[in-house]
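These notes concern the structure reproduced below.
The values are calculated or read from the model by the stated rules, or taken from the named source; none is laboratory data. Bear in mind that the values here come from a model prediction, so they are computed numbers and not experimental data. Note that we place each Cβ from the backbone using ideal geometry, even for glycine, and neighbour counts take in every protein chain shown.
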């Protein structure tokens, strides 16, 4: 068992810098495309043997230091009773957006083992195969709520902010329900064998700090507080595009703060106090010529040298067009330059 | 002539805090919609009498302290020879994306007075009517380049970054040409009578600081350096989603830094040195109930009290769904709370 990733999460000394990539199991890999060619994305998420296979692919191919469960943050929203569709090239769609108290009331807080048994089954299968730690994950309640309220992705999140600003009780009722669901879901993942948990707050960066503090952060704090009562697995909180939210994010209760690529990691590390950090190279920097990519990784590792713990990652998910060879160059460079 | 806005730009003492809104002439106004119902967006941009009318609408209705020329940043790219279309609900489209040296070579650096006479004519008409200063504007070269390279808007700007990373000479040739065009365009606006100039770097926030410094900032510096030789009108640089780029943006040479809503304005002011600031309430905060909106404006004005100069604005353009009455509440609150 290679526990370098877990040690870095806990701020313990490691022999080298562990590395994994957000969306490392995914469309940039021909091996993944071969499976996706035969089955829809949503169906794939519900087939434990196939989820296990695609989760293992990048570990076997590149030697990442952690695996992340192949799934989607919205699976749990479907389990709450909101029909979910994935349209090719358009992303997720909730055809029945949640914009009334009646719609909020209709959502259920599901038993994750009953409604998402395939996730727990995948975790158990993966733990039998993996020689590196397995990361479970969920969306953060606010980010999940945006999809339900907007009915999918959005540019300015008008419906979400309008609900928060004009109908705060309805917003709170919805967020509380999602928080309860997410809390139980992550607990179930930990019980099934997930060795770390990441909470993705993909849209955190649409809030001004004063609103993030009211409309997003408390729900994350609640989930992490619940988790701490039943497990000591490391918890990673990733508030995407959250450079102005770092001080607030430090109060979420996580062990590790994920950083998007907009911050210089050295500057961010000065602001995170006692947290380890994860990140943060621009995913599209993987398109740099080899020598420049390696130099950039070297610089990033040097900039991160004062971190309490550093897990190398991209600042956001790897893009589908990335040549796999470039991912290999990056993983090897992180290992080589950090002393493995 | 109400010169409060110009004084604030220059960091001089003002009797109250001047206010204008990005996109204040636009779709949220029924008076604007009445005109747009009869003519396409692109056609409207080329009709000086109508541009003058829609520019004046929000000044007359709400009493803003500055007017901004009604136009679009992409007009100048069309003038460079790249066909431009606006598709309802999809935004701008360049059907012939610029992705080769041959395509870069084909672009021209136009004489703005010959290719965009309607803009200079609008400025002259407006100066006869206005009792507040008139702001001219352009896009920043990098932001303009993204539209040409991507062929429109984008999510991850893969083509743009890939050109910068893999074909830096082609990228530089394109950006240099856009810079020359933009520089001449802004100079022509100043000569026609624009009393301040804003450079919109709408997509600056997709860069890591180390890349912003190489691939976006130098072109803005070049334009401002050129402008300084021929005019002393205040220059505003707005690097949207640029909270990690503030120190770099301070080297652009502008008088005023525009701030998006993600930063607390007090925190940002500590980082801008000798610059005035413009911003930065979340445009969707205009949907807050009246008392809360007023309180938020009051807090923002207090947070900004140590600024060298403060021009109140939104942190991004006003959204089309905004009730005009809410805009009025905001403008009145800025004036009232700041002592007018």
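Per this entry, residue B:35 is counted among residues that are in contact with a helix residue (DSSP H, G or I) (Cβ under 8 Å, 6 or more places away or on another chain), within 22 Å of residue B:120 (Cα to Cα) and not in a loop (DSSP other than H, G, I, E, B).
Based on what the data block shows, is residue B:183 more than 24 Å from residue A:281 (Cβ to Cβ) and either surrounded by 20 or more Cβ atoms within 10 Å (Cβ to Cβ) or touching a helix residue (DSSP H, G or I) at 6+ places or on another chain (Cβ under 6 Å) (or both)? Please lay out each step first, then the result.
Details: more than 24 Å from residue A:281 (Cβ to Cβ): yes; either surrounded by 20 or more Cβ atoms within 10 Å (Cβ to Cβ) or touching a helix residue (DSSP H, G or I) at 6+ places or on another chain (Cβ under 6 Å) (or both): yes.
Spelling it out, residue B:183 is indeed more than 24 Å from residue A:281 (Cβ to Cβ) and either surrounded by 20 or more Cβ atoms within 10 Å (Cβ to Cβ) or touching a helix residue (DSSP H, G or I) at 6+ places or on another chain (Cβ under 6 Å) (or both).
Consider residue B:273 carefully, then state whether it is within 29 Å of residue B:187 (Cβ to Cβ) and within 18 Å of the chain's Cα centre (by Cα). Here the answer is no, as residue B:273 does not meet what is asked.
Restricting to segment A:207-227, and then to whatever is free of Cβ contacts under 8 Å to residues at least 40 places away in the same chain and more than 16 Å from residue A:162 (Cα to Cα), can you tell me which residue is nearest to the other protein chains (Cβ to nearest Cβ)? Across segment A:207-227, the extreme among qualifying residues is A:209.
One line per residue, one yes/no per condition, for (1) more than 9 Å from chain A (Cβ to nearest Cβ); (2) surrounded by fewer than 23 Cβ atoms within 10 Å (Cβ to Cβ); (3) in a loop (DSSP other than H, G, I, E, B):
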residue: B:271; (1), (2), (3): yes, yes, yes
residue: B:274; (1), (2), (3): yes, yes, yes
residue: B:291; (1), (2), (3): yes, yes, no
residue: B:295; (1), (2), (3): yes, yes, no
residue: B:298; (1), (2), (3): yes, yes, no
residue: B:313; (1), (2), (3): yes, no, no
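When restricted to residues that are outside any loop (DSSP other than H, G, I, E, B) and under 26 Å from residue A:169 (Cβ atoms), segment B:277-289 contains 6. Of the residues making up segment A:27-39, just one is buried (at least 19 other Cβ atoms within 10 Å of the Cβ) and either free of Cβ contacts under 8 Å to residues at least 40 places away in the same chain or touching a strand residue (DSSP E or B) at 6+ places or on another chain (Cβ under 9 Å) (or both), namely A:32.
So that you can scan it fast, the table gives a plain yes or no per residue for (1) at pLDDT 95 or above; (2) loosely packed, with under 15 Cβ neighbours inside 10 Å; (3) out of contact with any strand residue (DSSP E or B) (no Cβ under 9 Å at 6 or more places or on another chain):
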{"residue": "B:78", "(1), (2), (3)": "yes, no, yes"}
{"residue": "B:117", "(1), (2), (3)": "yes, no, yes"}
{"residue": "B:121", "(1), (2), (3)": "yes, no, yes"}
{"residue": "B:124", "(1), (2), (3)": "yes, yes, yes"}
{"residue": "B:127", "(1), (2), (3)": "yes, no, no"}
{"residue": "B:136", "(1), (2), (3)": "yes, no, no"}
{"residue": "B:142", "(1), (2), (3)": "yes, no, no"}
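Can we say residue B:281 is in contact with a strand residue (DSSP E or B) (Cβ under 8 Å, 6 or more places away or on another chain), within 14 Å of chain A (Cβ to nearest Cβ) and on the phi < 0 side of the Ramachandran plot? Reasoning before the result, please.
Details: in contact with a strand residue (DSSP E or B) (Cβ under 8 Å, 6 or more places away or on another chain): yes; within 14 Å of chain A (Cβ to nearest Cβ): yes; on the phi < 0 side of the Ramachandran plot: yes.
Criteria met by residue B:281.
Would segment A:148-166 turn up any residue that is touching a strand residue (DSSP E or B) at 6+ places or on another chain (Cβ under 7 Å) and without any contact (Cβ under 8 Å) to a residue 60 or more places away in the chain? Yes.
In segment A:144-169, how many are more than 14 Å from chain B (Cβ to nearest Cβ) and surrounded by fewer than 24 Cβ atoms within 10 Å (Cβ to Cβ)?
Of the residues in segment A:144-169, the ones more than 14 Å from chain B (Cβ to nearest Cβ) are A:144-145, A:147-148, A:151.
Among the residues that remain, those that are also surrounded by fewer than 24 Cβ atoms within 10 Å (Cβ to Cβ) are: A:151.
Of the residues in segment A:144-169, 1 are more than 14 Å from chain B (Cβ to nearest Cβ) and surrounded by fewer than 24 Cβ atoms within 10 Å (Cβ to Cβ).
Taking residue B:234 as the residue in question, decide whether it is within 13 Å of chain A (Cβ to nearest Cβ) and either closer than 30 Å to residue B:57 by Cβ or out of contact with any strand residue (DSSP E or B) (no Cβ under 6 Å at 6 or more places or on another chain) (or both). Against the criterion (within 13 Å of chain A (Cβ to nearest Cβ) and either closer than 30 Å to residue B:57 by Cβ or out of contact with any strand residue (DSSP E or B) (no Cβ under 6 Å at 6 or more places or on another chain) (or both)), residue B:234 does not qualify. Before we move on, is residue B:178 within 11 Å of chain A (Cβ to nearest Cβ), under 21 Å from the mean Cα position of the chain (by Cα), at pLDDT 95 or above and closer than 26 Å to residue B:101 by Cα? No; evaluated as a whole, the condition is false for this residue.
Does segment B:319-332 hold any residues that are surrounded by 21 or more Cβ atoms within 10 Å (Cβ to Cβ) and either more than 11 Å from every other protein chain (Cβ to nearest Cβ) or over 16 Å from residue B:27 (Cβ atoms) (or both), and which are they? Can you show your working first?
So in segment B:319-332, the residues surrounded by 21 or more Cβ atoms within 10 Å (Cβ to Cβ) come out as B:322, B:327, B:330-331.
Within segment B:319-332, B:327, B:330, B:331 qualify.
Let's see how each residue does on (1) crowded, with 20+ Cβ neighbours inside 10 Å; (2) within 24 Å of residue B:92 (Cβ to Cβ); (3) without any contact (Cβ under 8 Å) to a residue 60 or more places away in the chain:
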position: B:2; (1), (2), (3): no, no, no
position: B:7; (1), (2), (3): no, no, no
position: B:15; (1), (2), (3): no, no, no
position: B:25; (1), (2), (3): yes, yes, yes
position: B:41; (1), (2), (3): no, yes, yes
position: B:46; (1), (2), (3): no, yes, no
position: B:52; (1), (2), (3): yes, yes, no
position: B:61; (1), (2), (3): no, no, no
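Under the condition of being within 28 Å of residue A:204 (Cβ to Cβ) and in a loop (DSSP other than H, G, I, E, B), the residues counted in segment A:315-340 number 8.
Looking at segment B:41-125, the helices (runs of 4 or more DSSP H) lying wholly inside it that each contain 2 or more residues that are within 18 Å of the chain's Cα centre (by Cα) sit at B:41-45, B:48-62, B:75-79. Kindly evaluate residue B:253 against the criterion of being under 24 Å from residue B:183 (Cβ atoms), surrounded by fewer than 18 Cβ atoms within 10 Å (Cβ to Cβ) and touching a helix residue (DSSP H, G or I) at 6+ places or on another chain (Cβ under 7 Å). For residue B:253, the condition - under 24 Å from residue B:183 (Cβ atoms), surrounded by fewer than 18 Cβ atoms within 10 Å (Cβ to Cβ) and touching a helix residue (DSSP H, G or I) at 6+ places or on another chain (Cβ under 7 Å) - is met. Of everything in segment B:87-100 that is modelled with pLDDT under 95 and at negative phi, the residue that is surrounded by the fewest Cβ atoms within 10 Å (Cβ to Cβ) is B:88.
Look at (1) touching a strand residue (DSSP E or B) at 6+ places or on another chain (Cβ under 9 Å); (2) facing another protein chain (nearest Cβ under 10 Å); (3) more than 27 Å from residue A:171 (Cα to Cα) and you find that residue B:267 fails only one, number (1).
Taking the conditions (1) within 14 Å of another protein chain (Cβ to nearest Cβ); (2) in contact with a helix residue (DSSP H, G or I) (Cβ under 7 Å, 6 or more places away or on another chain) in turn, residue A:109 satisfies each one other than (1).
Quick grid of which residues meet (1) part of a loop (DSSP other than H, G, I, E, B); (2) without any contact (Cβ under 8 Å) to a residue 60 or more places away in the chain; (3) out of contact with any strand residue (DSSP E or B) (no Cβ under 9 Å at 6 or more places or on another chain); (4) away from chain A (no Cβ under 14 Å):
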| site | (1), (2), (3), (4) |
| --- | --- |
| B:189 | no, no, no, yes |
| B:205 | no, yes, no, no |
| B:246 | no, yes, no, no |
| B:252 | yes, yes, no, yes |
| B:261 | yes, yes, no, no |
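The criterion of being closer than 22 Å to residue B:283 by Cα and in contact (Cβ under 8 Å) with a residue 60 or more places away in the chain holds for residue A:201.
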